[in-house]
Amino acid sequence: MIRFDQQICTNFEKASQKEWLETNGLGGFASSTITGMNTRRYHGLLTAATKPPVGRIACLAKLEETVVIDGRRYELSVNQYPGAIHPRGDQYLKEFRLDPFPVFIYELNGMQIIKSVFMIAGENTTVIQYELRESVNATQCQLTPSDCRLEIRPLLAFRDYHATMRETNSINANFAAQENLVSIMPFAGMPTLYLAHDAQSIQASGYWYRNFEYSEERQRGLDFTEDLFQPFVLQFDLSKDANANMIASTAAHDIKQVGELRQTEITRRQRLAAMSPVDDELIRRLTVAADQFIVARGEQKTVIAGYHWFSDWGRDTMIALPGLMYATCPTEVGRSILLEFAKHTSQGMLPNRFPDAGEEPEYNTIDATLWFFEAIRSLAERTEDFEFVRTHLYDTLIDIIDWHLKGTRYGIKVDEDGLLRGGEAGVQLTWMDAKVGGFVVTPRIGKPVEIQALWYNALRIMENFARRFNDEVREKLYRVIADRARQSFNEKFWDEETGYLYDVIGDDFKDASLRPNQILAVSLPHTMLASDRALRVVEVIERELLTPFGLRSLNQNNMQYRPIYTGDSYGRDTAYHQGTVWAWLMGAFITAYVKVHERSAASVNAAKRLLAGFREHLNEAGLGQVSEIFDADAPHRPRGCIAQAWSVAELLRAACEDVYQISSVDNQVKSAKK
């Protein structure tokens, strides 16, 4: 449970930085701050994934809530308008809990209003509940049946979740009201919003609430103003029934099911926590966090890269999958994800991204495909189900290697030295993929260091698969290429003067920028470096790039170093990989650190301390989640997405593999017994 008392809840600056997130396993979500004030265009009570996991539509932005006691009105909402915060419902907020979903406790006039918000797994559905209680501090309470009522005014957006809404006459303000159910479709082609409720009355209104301001969007240099439509008012008599319930959904529900829906979600989340591979609070919380990224894609599964604005990316999915399989992603789900991406391979490449609008996948990545091999190795070795690989994936992997040998998109091709080159002007292929218009911030054209590490790792994986599958010809082919790559790598990438690896080499240049990419040349299962060189790499990374929340993407002495990730799109994108700290790299660093110290007791304890540094962060930005990035300079403020799949997954993987030495097979047996 995460809990904040009145001191935090009424501190507007602190409380408005703490964001909660509910997800539904389809790509849809609900999210806001603990004050209830939306600070992002992505905040809202129901963002529906109409083509899971994409096609996301912001339907229900928020509820304006008013409690009327003895004729006195108490506004529970908080909104930012030009020059004003109004109303100030946060001043009544006594407590916020994530237990297991968002719970808000308001105290007013000797009474408490307890509000709960949660989403239903597998549905574009959000449940909002209110309960009236006497305050534990109240000396007396004299409510009569006519003394207390709750007024709810839904505010609708109905737009693409990346956009903002402005007042328009084209909106259809008509709604259909039946007993305990109201439905509305403001725009043609949009989903219908069904609002099941147990209110005593409903009154038409049809107002626009204008000029909401979203402070986080303003800071990001984006459109930060929005108008929202308020179609009707629901009135609940809390004197007759101390409970008020609503189910907002793209499908009609019976309000009488609300209790069952709540208990089902509580039970499901208790089971998630019980699936933790380690009896440790941090690992248990990361296990629950991991579940929010596993979502549907057609009949299969995929991984949302991050909330609020990412869809499923090939690179992020493959990096995250090994860690997710230690948590709430069972092997059948892992297989489903691998099969889904295998189905979309093209010219030996995995998709980099599935666009939100459902267009054709994008293939501008050199590393996602190579991470695919590592994800498959991880699943096969943990489950010992090599037959799954042989039957369903081996031919695809052979085809991928063949394409890389003969050449595929963007100049990706194995050179005569056995190393993998790639890149074209105007295209970003590695994970350092920031681009502003036509300007690629870190193009890294040529032979990037981590690409060679991943390529060599993939070749050794294929060599082992071929041996296991009695494919002698390919076993020899992959061994020969891998041996050649290892020799070339050590000859060309090691810089004896600095004691670390070049970041990128080309035909006529060697980039000695100190970046974290070379940590993968140590952390991956198959490494080309001798132990003395691996140790020197880890030492320089620890000295120059390590922070409490991950690795800097560039060392501080570099002229291109950017200490803060902030500003408009240009300012943020040009800082994205020029110093900004990435949490997912902490996993690779822990693995490399423990490896070069031969898993000594001291190295394992150091790894535990690095993991423990994230405990407080889980209460800081995206509650219960790990952020995408952090400022390069202290105090390393969290930035980017409030919840990032590979951030969570890599911490889980490193904890299980390098600290606790727990296999996912053991975890599944443990979970089954529970």
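When the surface is traced with a 1.4 Å probe over the full set of protein chains, Arg335 keeps roughly 60 Å² accessible.
Using the Cα gyration tensor of the chain, with a ≥ b ≥ c the square roots of its eigenvalues, what is the shape: rounded (a/c below 1.5), prolate (a/b larger than b/c) or oblate (neither)? Cα axes put the chain in the prolate bin.
In the full protein context, the stretch 366-416 carries 38 Å² of accessible surface per residue, based on a 1.4 Å probe and ignoring ligands, DNA and RNA.
On a per residue basis, the stretch 455-583 carries 43 Å² of accessible surface, using protein heavy atoms and a 1.4 Å probe. Taking a probe of 1.4 Å, how large is the accessible area per residue of the stretch 39-128, in Å²? So the stretch 39-128 comes to 27 Å² accessible per residue, rounded to a whole number. Between Asn558 and Asp5, the modelled labels are 4.5 nm apart [label points 7 Å from Cα along Cα→Cβ]. For the stretch 350-469, with all protein chains in place and a probe radius of 1.4 Å, 45% of the accessible heavy-atom surface sits on carbon or sulfur.
Classify the stretch 1-149 as rounded, prolate or oblate from the Cα gyration tensor: take a ≥ b ≥ c as the square roots of its eigenvalues, call it rounded if a/c is under 1.5, otherwise prolate when a/b beats b/c and oblate if not. Prolate.
Amide H to amide H distances under 5 Å link Leu181 with His197, where only residues 5 or more positions off or on other chains count and H is placed in the peptide plane. A 1.4 Å probe, protein heavy atoms only, puts the accessible area of Thr23 near 20 Å². Taking all protein chains together, Arg533, Arg269 sort by accessible area into Arg533, Arg269, largest first [probe 1.4 Å].
Applying 1/(1 + (r/R0)^6) with r as the Cβ-Cβ distance of Gln487 and Gln219 and R0 = 56 angstrom yields a FRET efficiency of 0.70. Protein-only accessible surface at a 1.4 angstrom probe places the residues Phe232, Phe469 in the order Phe469, Phe232, largest first. Annotation: extensible slack from Val68 through Asp399 equals 112.4 nm (criterion: 0.36 nm per residue apart, minus Cα-Cα distance). By definition, a body whose alpha carbon gyration tensor gives a ≥ b ≥ c is oblate when a/c is 1.5 or more and a/b is not larger than b/c, and the stretch 214-340 fits this oblate description. Taking label points 7 Å from Cα along the Cα-to-Cβ direction, Glu167 and Arg268 give a separation of 3.9 nm.
To the nearest 10 square angstrom, how much accessible area does Ser170 have with a 1.4 angstrom probe? About 80 Å², ignoring ligands and nucleic acids.
Per residue of the chain, the DSSP helices (runs of n ≥ 4 H) give a summed -39500 (n - 2.57) that works out to -9000 deg cm²/dmol at 222 nm. Per-residue accessible area (protein heavy atoms, 1.4 Å probe) orders Thr267, Thr302 as Thr267, Thr302, starting from the largest.
Whole-Hz Karplus values for the stretch 73-79 come out as 9, 10, 8, 8, 6, 9, 9 Hz, taken residue by residue from phi with 6.51 cos²θ - 1.76 cosθ + 1.60 and θ = phi - 60°; glycine and proline positions read x. Using the Karplus relation 6.51 cos²θ - 1.76 cosθ + 1.60 with θ = phi - 60°, the per-residue 3J(HN,Hα) values for the stretch 476-484 come to 5, 4, 5, 5, 5, 5, 5, 4, 5 Hz, with x marking Gly and Pro.
Averaging the sequence gap over all C-alpha pairs within less than 8 Å and six or more residues apart, then dividing by the number of residues, gives the chain a relative contact order of 11 percent.
For a straight C-alpha distance cut-off of 17 angstrom, the lysines reachable from Lys413 (same-chain residues fewer than eight places away being disregarded) are Lys447. The modelled label-to-label distance for the pair Asp237/Arg133, using points 7 Å beyond Cα in the direction of Cβ, is 2.5 nm.
For Trp313, the residues whose modelled amide H falls within less than 5 Å of its own, excluding neighbours fewer than 5 places apart on the same chain, are Ala305. Proximity of backbone amide H atoms, modeled 1.01 Å from N, is registered between Trp208 and Gln230 at under 5 Å, excluding neighbours fewer than 5 places apart on the same chain.
Annotation for the stretch 66-133: chymotrypsin sites (Phe, Trp or Tyr not before Pro) lying in DSSP loop with at most 10 further Cβ atoms inside 10 Å of their Cβ do not exist. Please determine, in degrees from 0 to 90 and to the nearest 10, the orientation of helix 645-654 with respect to the longest principal axis defined by the Cα atoms of the chain, where the helix direction is its Cα long axis. Long axis of 645-654 versus the principal axis of the chain: about 60 degrees. For Lys595, a cut-off of 20 angstrom between C-alpha atoms picks up these lysines, skipping any fewer than 8 places away in its own chain: Lys608.
The values are calculated or read from the model by the stated rules, or taken from the named source; none is laboratory data. Being a predicted model, the structure only gives us computed values, none of them experimental. Note that each Cβ is placed from the backbone with ideal geometry, even for glycine, and that neighbours are counted across all protein chains shown. Ligands, DNA and RNA are stripped out before the accessible areas are found, and what is left, the full protein with its side chains, is counted by its heavy atoms. Shrake-Rupley method; radii C 1.70, N 1.55, O 1.52, S 1.80 Å.
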